[in-house]
Amino acid sequence: MNPPPPNQREGEPPGPQRLREDYEGGATVQELVAASGLPYGTVLNRLREAGTVMRTSWQTRRMREGQQARRRLAIRLRTLYERHGATLGELAAAAGKSKPAARRLLVEAGGTVRNTRQTIQIRSARSRAKRAKLAAWLRVRYEAGATVPDLAQECNYSTATVYRLLRQAHTPMRPQHRHGPAPHTGKKRA
């Protein structure tokens with residue numbers, strides 16, 4: 001339980017300024033009545049006394065929905081940031097906000113901002129894993145009889161890249177075919 005504010009003693013009802021702060025923070029008049037123990041009319045009078053701009057029930061709903069939407073957006077951005085390695089720029093684009101706003105949302109959701117080096121490490125680890133998976137798949141296809149040029153065309157990679165990936169997967173290579181004229185045996189025709 002939170003201690004009472006310094007200007008309010010234990011058991012005393014909240015003053016007009018405290019009621020105004022709570023109301024502007026999103027509390028309804030009914031919630032203030034329940035929390036303070038004051039009658040409804042007294043809460044309204046104290047809010048007016050403090051110069052509070054009153055809102056309608058639909059404005060309160062809209063305000064709360066806005067807070068919930070912001071919370072959901074913050075959680076979504078944190079997920080993108082932590083699980084998928086997104087950068088602050090990518091978060092800003094996904095949220096339709098600026099980088100500082102995306103950073104604030106990330107921190108609100110409990111995320112910790114990475115430095116550039118950490119982001120690069122996360123992304124390179126992910127790409128290494130993806131490349132290792134591709135290399136293993138290429139090895140299976142190659143050992144099943146597919147040729148390197150066929151694999152290169154199928155994956156839209158150069159043959160050199162396919163050879164490199166196959167070597168990374170420790171694939172035993174078949175001997176290369178010699179396309180062209182047969183080698184000379186050293187004898188001349190007469």
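The values are calculated or read from the model by the stated rules, or taken from the named source; none is laboratory data. These figures come from a predicted structure and were not determined experimentally. Counting neighbours? That spans all protein chains shown, and the Cβs are built from the backbone with ideal geometry, glycine included. Side chains included, ligands, DNA and RNA excluded: accessible areas come from the protein's heavy atoms. Shrake-Rupley method; radii C 1.70, N 1.55, O 1.52, S 1.80 Å.
Here the Karplus relation 6.51 cos²θ - 1.76 cosθ + 1.60, evaluated at θ = phi - 60°, turns the backbone of the range 113-130 into coupling constants of 6, 8, 8, 4, 4, 5, 5, 4, 4, 4, 5, 5, 5, 5, 5, 4, 5, 5 Hz, with x for every Gly and Pro. Taking every alpha-carbon pair in the chain and binning the separations at 5 Å intervals from zero gives 1, 6, 10, 9, 7, 7, 8, 8, 7, 6, 4, 3, 4, 4, 5, 4, 2, 1, 1, 1, 1, 1, 1, 0, 0 percent. Q30 label point, 7 Å along Cα→Cβ, cut-off 20 Å on backbone N: hits in the range 50-73? Only 54-68 fall inside the zone, counting backbone N under 20 Å. Rounded to the nearest 20, the size of the Cβ-charge dipole of the range 39-145 about its Cα centre is 280 debye, with Lys and Arg at +1 and Asp and Glu at -1.
Simple point charges give the picture: +1 on the Cβ of Lys and Arg, -1 on the Cβ of Asp and Glu, and for the chain a dipole about the Cα centre of about 1760 debye. Counted by Cβ distance under 12 Å from R139, the other residues give a net charge of +2, where Lys and Arg count +1 and Asp and Glu count -1. When the chain is treated as a GNM with alpha-carbon contacts under 10 Å, the residue of G26, G85, G111 showing the greatest mean-square fluctuation is G26.
When the Cα atoms of the range 85-128 are aligned to their principal axes, the ranges along those axes come out at 31, 19, 14 Å in descending order.
Computed from the C-beta positions of T112 and R164 and an R0 of 22 Å, the FRET efficiency is 0.05 to the nearest 0.05. Since only I120, A102, T28 are under comparison, the one whose Cα sits farthest along the positive direction of the charge dipole of the chain, derived from C-beta charges on Lys, Arg, Asp and Glu, is I120.
Computed about its Cα centre, the charge dipole of the range 21-78 is approximately 520 debye, with only Lys, Arg, Asp and Glu carrying charge at their Cβ. Per-residue 3J(HN,Hα) values for the range 29-35, derived from phi via the Karplus relation 6.51 cos²θ - 1.76 cosθ + 1.60 with θ = phi - 60°, read 4, 4, 5, 5, 4, 5, 6 Hz in sequence order (x marks Gly and Pro).
The listed residues D22, D150, once ranked by accessible area (1.4 Å probe) with the largest placed first, stand as D150, D22.
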